[in-house]
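Comments concern the structure below.
Readers should treat all values here as calculations from the given coordinates under stated rules, not as data from a laboratory. Being a predicted model, the structure only gives us computed values, none of them experimental. Reconstructed Cβ throughout: ideal geometry from the backbone, glycine too, with neighbour counts over all protein chains shown.
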């Protein structure tokens with residue numbers, strides 16, 4: 001397996017998420033306040049707090065016995081999908097895709113919760129973690145490559161429909177493991193995936209080349225009228 005290079009943007013993102021986890025865990029232990037519950041995105045309880053929850057949920061990893069392992073796996077998967085995209089397209093386009101996946105995941109969680117609220121009365125667990133953003137980055141990077149076949153993680157050759165099928169299966173796990181509460185991870189992940197696919201299509205849209213404007217030239221006559229005509233050399 002070919003490991004992607006650790007770009008400066010990828011390193012900053014991973015360090016930011018780790019510092020946020022450590023700071024949140026320390027603050028909860030010192031204050032005994034449920035800060036993770038206050039910052040995770042609760043789609044069933046909308047209000048003034050929804051504004052900061054919509055911005056804070058990717059940084060939230062609830063602190064429990066296996067939280068460090070969960071964080072390590074999440075950061076490793078994010079590194080595998082973020083570093084190749086940043087190395088290929090640059091930090092500006094990577095940050096743009098991250099922001100779009102963030103918005104798509106938030107809207108996807110809200111839309112999926114609204115649909116399920118019509119059919120089920122079961123509660124919904126809050127949205128947290130970077131998994132939806134990672135799935136969006138994975139699909140956005142691989143769908144941005146030319147051709148129908150893609151090389152996953154620099155080793156596994158697959159078609160795009162096979163990739164989408166794998167993403168569907170992996171994102172179904174939180175939905176199938178529902179125990180008393182519905183997980184919004186599935187809807188958030190597919191909100192980010194759909195946004196990433198639209199972004200890749202927009203980047204590869206057919207662009208008409210710009211024709212330069214006609215140059216405004218004027219002829220300046222040089223010399224004098226009584227100059228001798230030019231001679232031809234043989």
For this session: Rank the residues 106, 7, 50 as a footprinting-exposure proxy: fewest other Cβ atoms within 10 Å of their Cβ go first.
Result: 50, 7, 106
Exercise. Would you list 86, 113 from fewest to most Cβ contacts within 10 Å?
Worked result: 113, 86
Problem set entry | Exposure proxy order (Cβ contacts within 10 Å, fewest to most) of 44, 92, 160 | 92, 44, 160
